[in-house]
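Before any comments, here is the structure.
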Amino acid sequence: MKICLFGGTFDPPHIGHLLIAQTIFEEEVFDKILFIPAYKPPHKNNITPVEQRVDMLRFAIKDNPNFDMSDAEINRRGISYSIDTIQSIKKNLNLDKKDCYFLIGSDTLLKFHTWRNPRKILNECQVIVAIRPGFRPSDLAPWILHKVHFANIPRFEISSNTIRTRWAENKTIRYMVSLPVWNYINKNKLYLIKKRNQNTIL
């Protein structure tokens, strides 16, 4: 079984996530794309509660048989370190390195050297990179560059941060998230704190 692990905060999960996952599924011929929502990402603060992020992710991927979700980081609690997740999933699914891929964006790759045990990650799995505009391979250390695989997939310039900001500013996020995710955000009044703060300032 050839699996691609796709971790993130997914706050919210958007069309870019889904398009990248589906495209890489087809290009690299995976058996499954495994979305892994972080419980507590080491480099981010002030994120939406994990229960709501999980709900949105389930809505986003539920109609695609190529996608599944892992609650490995949620069950483990604490700070979500990728090396722990990779090792845990490999053990649970009985995966060898050749069958375990880990998907990250090229913007994230530039910070990869600051992660916990980055060299160990490269030894545990195949790191596959979705390139974003402005990325230059020459910015990477050779020990990283020579061990990652750059995927041949389109570039989708949608970010969760942009979606949260637009929602808080009463701007449309239509076509940026799936309709079930849009409905969930609206029903649960997510991402309104910034707007309230702006109104207070005014």
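Annotations for the structure displayed:
- Scanning the stretch 86-111 for residues that are crowded, with 19+ Cβ neighbours inside 10 Å and assigned to a helix (DSSP H, G or I) yields 86, 89, 106, 109.
- Evaluated against (1) within 19 Å of residue 39 (Cβ to Cβ); (2) touching a strand residue (DSSP E or B) at 6+ places or on another chain (Cβ under 8 Å); (3) modelled with pLDDT of 95 or more, residue 100 falls short on exactly one condition, (1).
- In summary, helices (runs of 4 or more DSSP H) completely within the stretch 8-84 and bearing 1 or more residues that are in contact with a helix residue (DSSP H, G or I) (Cβ under 7 Å, 6 or more places away or on another chain), on the phi < 0 side of the Ramachandran plot and of a type in the set (Phe, Trp, Tyr) occur at 50-61.
- Pick from the stretch 126-151, criterion open to solvent by 20 Å² or more (accessible area, probe 1.4 Å) and among the small types (Gly, Ala, Ser), ranking: nearest to residue 97 (Cα to Cα): 141
- Filter pass, residue 62 being under 26 Å from residue 122 (Cα atoms) and charged (D, E, K, R): no
- Residue among 152, 123, 170 that is within 24 Å of residue 85 (Cβ to Cβ) and among the polar types (S, T, N, Q): 123
- Annotation note: Cβ proximity below 9 Å between a residue of the stretch 13-31 that is farther than 24 Å from residue 55 by Cα and a residue that is open to solvent by 30 Å² or more (accessible area, probe 1.4 Å) and among the charged types (D, E, K, R) (sequence gap 6+ or interchain) occurs for 28/2; 29/2; 30/2.
- Residue ID - nearest to the chain's Cα centre (by Cα), chosen from residues in the stretch 5-64 that are among the hydrophobic types (A, V, I, L, M, F, W, C) and farther than 26 Å from residue 87 by Cβ: 18
The values are calculated or read from the model by the stated rules, or taken from the named source; none is laboratory data. Keep in mind it's a predicted model, so treat the numbers as computed, not measured. Cβ atoms come from the backbone with ideal geometry, glycine included; neighbour counts cover every protein chain shown. Side chains included, ligands, DNA and RNA excluded: accessible areas come from the protein's heavy atoms. Shrake-Rupley method; radii C 1.70, N 1.55, O 1.52, S 1.80 Å.
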